[in-house]
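A short worksheet on the structure shown next.
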Amino acid sequence: MTFPLYTDAALAHDLPEYRLRRGDLVHLVEHHLAPNGAEGYSAEVLGAKGQTLAIIAVSAKSLEELRDDEVLSVRAITL
């Protein structure tokens, strides 16, 4: 699936290497293709106050569209 740039998406599964969990919100800032042709994105992980916590690279299959029936929540993350 292709996502529009500069929109938000949710992680489809945990990414322990970044200490992120399924459902965490990311902001998509760049689209790229891996050498094998797989779609991927550079995504900004934002804190509750809007500060940048990290920029990560994720595959398109690691992302989910946001739905109208979802609610956001806040959790602590150790950087």
Condition set over 13 Å from SER59 (Cα atoms) and in contact (Cβ under 8 Å) with a residue 12 or more places away in the chain, scope region 1-20, selection surrounded by the most Cβ atoms within 10 Å (Cβ to Cβ): answer is LEU20
* Asked: Do we have ILE77 as assigned to a strand (DSSP E or B) and either under 19 Å from ALA12 (Cα atoms) or in contact (Cβ under 8 Å) with a residue 24 or more places away in the chain (or both) here?
  -> no
Selection over region 57-76 where residues are hydroxyl-bearing (Ser, Thr, Tyr) and closer than 14 Å to ARG21 by Cβ yields a count of 2
Those residues of region 58-74 that are in contact (Cβ under 8 Å) with a residue 60 or more places away in the chain and crowded, with 16+ Cβ neighbours inside 10 Å come to a total of 1
The correct count of residues that are under 19 Å from THR52 (Cα atoms) and part of a strand (DSSP E or B) in region 4-38 is 13
Of the residues in region 21-52, those that are open to solvent by less than 90 Å² (accessible area, probe 1.4 Å), farther than 19 Å from THR78 by Cα and acidic (Asp, Glu) come to GLU39
Only one of (1) assigned to a loop (DSSP other than H, G, I, E, B); (2) under 10 Å from the mean Cα position of the chain (by Cα) does not apply to ASP68, and that is (2)
The condition from (1) open to solvent by less than 80 Å² (accessible area, probe 1.4 Å); (2) in a strand (DSSP E or B) that ILE55 misses is numbered (1)
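The values are calculated or read from the model by the stated rules, or taken from the named source; none is laboratory data. Note that the structure is a prediction, hence the values are computed from the model and not measured. Note: ideal-geometry Cβ built from the backbone for every residue, glycine included; neighbour counts use all protein chains shown. Just so you know, the surface numbers come from the protein's heavy atoms only, side chains and all, with ligands and any DNA or RNA stripped out. Shrake-Rupley method; radii C 1.70, N 1.55, O 1.52, S 1.80 Å.
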